[in-house]
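Asks: I'd like to ask you about the structure that follows.
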Amino acid sequence: MSTTHPASAPPGSAKTPNLRWRRRARRPRLVIALLATALVVTTATVVSAPATPAFANDHYGTIESAAEANRDWMARVSDDASLADLSIPGTHDTLALCGQSAGNGDCEFISTSLTQTQERHGYSAETLAIQLDAGIRSIDIRVRVDKGDAGLTFTVHHGVYYQWANFTDVLTKIETFLRANPTETVLLNLKAECLGSGASCADAQGYDSTEWRRKVFDSYLTGRYHTGNGDETKQGKAWDSLFWANSVNGVEQTTTPTLGAVRGKIVLLGFRGPAGGIYGGYGIGQLYPAGGSYEGYAQDDYSVPQVSDIDDKWEKVRAHLRKTNGVWDANRGEQTRHDHEPGSLYLNYTSGTGDWAHPYTVAGGTPTATGVNEFLTQCLRASNDRCPEFYPNRAGNFGGRDTMDRLGIVMMDFPGGKLIDEIVARNPAGRAGGSRNGGAGDPMELHAGGDNGGTRPVVPTDHAQCRPDGMIPTAGTSTPYCGVYQGDGREWLGQGRSRRVIGYFNGSRTGADGKPYYLVKNMPWSRLTHINYAFARVENNRISVGADGPNNPAIGMTWSVPGTEMDQSLPYRGHFNLLTTYKRLHPRVKTLISVGGWAESRGFYGMTTNADGTTNQAGINTFSDSVVDFLGRYGFDGVDIDFEYPTVLDDTGNPNDWGDARSRRKGLPTSYTALMKTLREKLDRASATNGRYYLLTSATSASGYLVRGMENQKALRYQDYTNLMAYDYHGSWNDVVGPNAALHDDGKDPELSDLYSTPEYQKLGYFNTDWAFHHLRGAMQAGRINIGIPYYSRGWRNVTGGSNGMWGRSVGSACQPGTGLVRPCGDGAVGIDNIWHDRDANGREVGAGVNPMWHAKNLERDLTPRYANAVGLTPDSDPNDRRTGTYDRHWDATTRTAWLWNPEKKTYLSIQDTEGLDHVVDYVNRKGAGGVMMWELSGDYECPAEATTDNPCVMGHTLTNRLHERLQGTAAYGDNRSAGSSVQRPALALDVSVDLIRYPTDTASLWPLTPTVRISNNTGVTIGGGRDNVISFDLPTSTPPLIKDGNWQTGAQGGRWKVQAGHTGPNVGTGLSGTFHRVSLTLDHCQIIPAGQSLDVPIIYYIPATGPVNTTLKLGGTTFSSVPEQNRGAAKVIPATGGCSAPAWDAGKVYNPATQSVENITVKYAGKVWQAKWWTQGNVPGTGANSDLEPWRLIGPAG
């Protein structure tokens, strides 16, 4: 705090303002004595007071009543509009809120009456925030050079009275506002307040010169703040990126910009000295000419000696409105002085003050006198014959133009909310860029720079301590995990960010096809933690984005809209150039190249898998090496593999790829794991070499049908995290009309009717996110799973049955390739209900009801938006493109999904809006998930308070902002794979792996699933051999607890697998109640696993599951965990050597399990251990005619 402020103390505290300071200031109606001098209270004499002003009303003292839509009113103005075209509401002496302190926590009345110009809504900067939200876009800040603990700074003053705000407070509030409203700009009129004499304040001693005022201002731009000790400076925050650079270059003044050039920025209109001189090098030269006077284009006559002079003040305001619009009044001799200059800015102060007419009186009037604010309101509303020169049938003394096209910049005292509304309404209509981009919106947030995540907590020096729990390390490599992860294995996302917010950026939306674009600059960078560029592809076993050239969106294309300026120093253009540019502003955000997707997955088949189903390791190596090179060349932080889909199931994935996939299907899960293992190793080695950690991630199917052919998804073990594609559960590929992204099952899904009615499946529905999340928990902890959210709809037409369409049927007649094979194909919605459609091989629209959410929101409002032609709709010629009927929104509380239902068209569109989003966020927080992923960012929306055809919902950041706000500051995500297990993992670990192998590879054999559990001993010594040796592990509750052995026996029936259920029965409504089932196998007496060998045990289960996980081995009374599971903190040990002490088989001895102990019926023969199944004597072990007649059961090797 300054040590040289005036003696008068500000009311309240800067950190905790007094409640009276927060209360709206209201003018009393009593006539009282006031001071004659405006500012110096110590030498004043008492004089008569003016009459009190009017009560608060439309035009005075009601700023909070301004329309909510004013918060982003500039979003409705075209980018190419000049600031000179606009009508801009502003506040004169923006933060003049208080005079001298009254000593009781409030403002002393008399001095405040003389000086206050604006309603008071708290601490000065808080009042500024209210003004900006109300639509004020031009502010007037008066500053004093102060020398204090912070060095030389600006404090905000009105005359001698410090307004309890510093210039940093002002900039901070503006920055916050512009971050939230990046379509806006704020115009700043800056004035040095202190003359150092009379009623004025004084700058800090020795710093009251033009030179020092400029230096202090420049220090805010550069971040090099003068300490007050000569030219010594110290580093602080640089604000230059918040300003439009041309207006603060310090060398020469600039020309008037377009709105598009300054969105998200402060424009310094001008910087004046205390005597009114204009400082060169700052501001708009036309309005503030250096070394000259701004009076040519500004009206700032503030002298209103008494109430009767308010009329004269109004006439000066009115005359300047005429000048602004090229209208003249011959009675005033304006013919030669009011030439029309449409490219010029005009500044019009409605404020005034005098001994008997204080600011509130001039603005609000008195019971007998009209205030300037009311005059202006009448003028704009064409009432009371206030401004006839701008309207038809005007008197003959008026000439020039006859319309009020603009108001210029109107600087007001105590503006009413409706007056601000009137001014804003004068602006040309448009939205988020106006008609550009087809009228579909052009969102762009503030990119102020410095978004590096803040101060990071200390990390260990041993990188191994930062590795996430369970992620497979690369042997012999010192991978720099701590470059990304903290000591607890959690990813560092930035201060206050505990969950990932990952946005897929679709690089194909370039605008080159005439449809609306969505470019790098349109992304809400400050709200994201990761950006996945979609998509690269596999070409000749290498990663590729296509050949270089001007038509290549990734590396060659350029655009001519604001925010897409290329960095000419980079050897590539396109989206990648802009990603690099914006990432410099947001180094906290990680960018990944995503490979594949629905349309670009074909190359994966041949690259990973030979035609005979064996792994193509050579192709994998080539691809992985090319990825490492690609990341280095284009600056990505990692690679995201979106292979759709590495499953053995026939006829899945893109039908266009089936020819490449069929012969390779049986080997896809194995080769996909080899791909991820190889990528992990090569990325880790590159990370160690470059000192920069590279992420490896994937997009994973959430469909319980598709994952049935993906084994237990071993590839996930090598990944940093996976993005669960928690959508596309239902779509027009078949006739079942249901939600695109159900959070929970409701037990009514017609597609699962056979599952519901088959006892083994226990009515466990698997087309929902809760099931899919639990399915993955066997492979990785919750924090390595991100839940996908669709920013698009899916839908059908001609729906019959169901409840408002939900769970109805829609049967199509012209099935697309790959559909109609298992169930009838659906009749997908088309036309206006399907603007994001694909086209078939003949160029025809594929009906699917796919729309960005900004379009779905307009359908919900029953609008035909202005962008219809831009998105390819031709309603004049195509009836499908016409909006008919109404779209009623419905909500299902069980599945947690919303949809639109058009009863006239029988059209059902499954949508994602904020209600469903909130349930997903609640789920993420409750389950400890790593965060969320969105496909795709360009589907997000922004809707005005009252949408219309000309002002519809458009592209925006509503959903992403909501995700950021609700996830910011939440508890850390789950970092331990054992969370939810019924056991605590032991600290001692053995090098013994337990895995699922030998999955069937033909579709017909996948119901139920019949893999083999393989227990591999790599400890170097024999394990087992005694009694009560138990192998246990978890399987996720995504499969029912009905688990059988190779004889189709459950544990209760005497089978080998004993199960402690984590969930039983259906999962309707609330989802799966537990995370894991605990599955155990007790080794037989004398059953051993020699060093380097394995034990294979068949297992049968009914619904797909990942795992095993959280494995424990109880040997000789001690329980161990498993080294290959890569649990953090586990210590590898070698157990005591096991073995079997059973005697050799004796042909003359009777063996009878009915009367003898297990030790007495266990024998060794021919290097194997055998156990009698029934009474036997003389029967040589292993020589029976078949297993049913064989009296001996093979236990395993003898050692």
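The values are calculated or read from the model by the stated rules, or taken from the named source; none is laboratory data. If you're wondering where the values come from, they're calculated on a predicted model, not measured in any experiment. Here the Cβ positions follow ideal geometry from the backbone for every residue, glycine too, while neighbour counts run over all protein chains shown.
Asks: What's the total number of residues in segment 1035-1049 that are surrounded by fewer than 21 Cβ atoms within 10 Å (Cβ to Cβ) and touching a Gly at 6+ places or on another chain (Cβ under 6 Å)?
Replies: Within segment 1035-1049, residues that are surrounded by fewer than 21 Cβ atoms within 10 Å (Cβ to Cβ) and touching a Gly at 6+ places or on another chain (Cβ under 6 Å) number 2.
Asks: Of the numbered conditions (1) farther than 23 Å from His158 by Cβ; (2) surrounded by fewer than 17 Cβ atoms within 10 Å (Cβ to Cβ), Thr210 fails exactly one; give the number of that condition.
Replies: Here Thr210 meets the rest and fails (1).
Asks: Pick out the one residue from Ser1032, Ser981 that is in contact (Cβ under 8 Å) with a residue 60 or more places away in the chain, buried (at least 20 other Cβ atoms within 10 Å of the Cβ) and either in contact with a Phe, Trp or Tyr (Cβ under 9 Å, 6 or more places away or on another chain) or not assigned by the TED database to the domain that holds Gly1071 (or both).
Replies: The match here is Ser981.
Asks: Contact list please: Cβ distance under 7 Å, first residue in segment 671-695 and in the same structural domain as Gly489 (by the TED database), second residue acidic (Asp, Glu), pairs at least six apart or on different chains.
Replies: Between residues of segment 671-695 that are in the same structural domain as Gly489 (by the TED database) and residues that are acidic (Asp, Glu), the close pairs are Lys682/Asp625; Tyr694/Asp637; Leu695/Asp637; Leu695/Asp720.
Asks: Residue by residue through segment 94-134, note down the ones that are among the β-branched types (Val, Ile, Thr) and touching a Lys or Arg at 6+ places or on another chain (Cβ under 8 Å).
Replies: Thr127, the sole residue that qualifies.
Asks: A further question on this structure: Counting only residues that are under 34 Å from the mean Cα position of the chain (by Cα) and not basic (Lys, Arg), which one in segment 1123-1137 is modelled with the lowest pLDDT?
Replies: Looking at the filtered set, the residue picked out is Gly1129.
Asks: Okay, next question. Could you please find all residues in segment 990-1029 being crowded, with 17+ Cβ neighbours inside 10 Å and among the acidic types (Asp, Glu)?
Replies: Correct list: Asp991, Asp995.
Asks: Separate question: Would segment 510-522 turn up any residue that is in contact with a helix residue (DSSP H, G or I) (Cβ under 7 Å, 6 or more places away or on another chain), over 25 Å from Gly928 (Cα atoms) and assigned to a strand (DSSP E or B)?
Replies: no
Asks: When you scan segment 886-894, do you find a residue that is under 30 Å from Gly1069 (Cα atoms), assigned to a loop (DSSP other than H, G, I, E, B), among the aromatic types (Phe, Trp, Tyr) and in contact with a Lys or Arg (Cβ under 9 Å, 6 or more places away or on another chain), even just one?
Replies: Taking every residue of segment 886-894 in turn, at least one turns out to be under 30 Å from Gly1069 (Cα atoms), assigned to a loop (DSSP other than H, G, I, E, B), among the aromatic types (Phe, Trp, Tyr) and in contact with a Lys or Arg (Cβ under 9 Å, 6 or more places away or on another chain).
Asks: Going by the conditions given, is Leu1042 in contact with an Asp or Glu (Cβ under 8 Å, 6 or more places away or on another chain), over 20 Å from Arg926 (Cβ atoms), at pLDDT 95 or above and not in a helix (DSSP H, G or I)?
Replies: Yes, satisfied.
Asks: May I ask you to say which residue of Gly273, Gly223, Gly260 is at positive phi and small (Gly, Ala, Ser)?
Replies: Testing whether each residue is at positive phi and small (Gly, Ala, Ser) leaves just Gly223.
Asks: Considering only residues of segment 216-235 that are among the small types (Gly, Ala, Ser) and in contact (Cβ under 8 Å) with a residue 40 or more places away in the chain, which is surrounded by the fewest Cβ atoms within 10 Å (Cβ to Cβ)?
Replies: Restricting to residues being among the small types (Gly, Ala, Ser) and in contact (Cβ under 8 Å) with a residue 40 or more places away in the chain, the top hit is Gly228.
Asks: Of all residues in segment 320-345 being among the hydroxyl-bearing types (Ser, Thr, Tyr) and surrounded by fewer than 23 Cβ atoms within 10 Å (Cβ to Cβ), which is modelled with the highest pLDDT?
Replies: For segment 320-345, the residue satisfying everything is Ser344.
Asks: Another question, if that's okay. In this structure, does Asp1096 turn out to be in contact with a Phe, Trp or Tyr (Cβ under 8 Å, 6 or more places away or on another chain), assigned by the TED database to the domain that holds Ser1005, part of a strand (DSSP E or B) and within 17 Å of Thr1111 (Cα to Cα)?
Replies: For Asp1096, the condition - in contact with a Phe, Trp or Tyr (Cβ under 8 Å, 6 or more places away or on another chain), assigned by the TED database to the domain that holds Ser1005, part of a strand (DSSP E or B) and within 17 Å of Thr1111 (Cα to Cα) - is not met.
Asks: Can you spot a residue in segment 563-572 that is farther than 29 Å from Asp840 by Cα and assigned to a helix (DSSP H, G or I)?
Replies: Within segment 563-572 (the criterion being farther than 29 Å from Asp840 by Cα and assigned to a helix (DSSP H, G or I)), the answer is no, since none of the residues qualifies.
Asks: Could you tell me how many of the residues in segment 599-633 are assigned to a loop (DSSP other than H, G, I, E, B) and buried (at least 16 other Cβ atoms within 10 Å of the Cβ)?
Replies: 5
Asks: If you don't mind, there's one more thing I want to ask. Provide a single number: the residues in segment 706-734 that are closer than 21 Å to Tyr792 by Cβ and part of a loop (DSSP other than H, G, I, E, B).
Replies: Counting residues in segment 706-734 that are closer than 21 Å to Tyr792 by Cβ and part of a loop (DSSP other than H, G, I, E, B) gives 9.
Asks: Taking the residues in segment 367-426 that are at pLDDT below 90 and among the small types (Gly, Ala, Ser) as candidates, determine which candidate is surrounded by the fewest Cβ atoms within 10 Å (Cβ to Cβ).
Replies: This residue is Gly396.
Asks: Suppose the filter is touching a Ser or Thr at 6+ places or on another chain (Cβ under 7 Å), outside any strand (DSSP E or B) and farther than 16 Å from Val1013 by Cβ; does Cys1086 pass it?
Replies: yes
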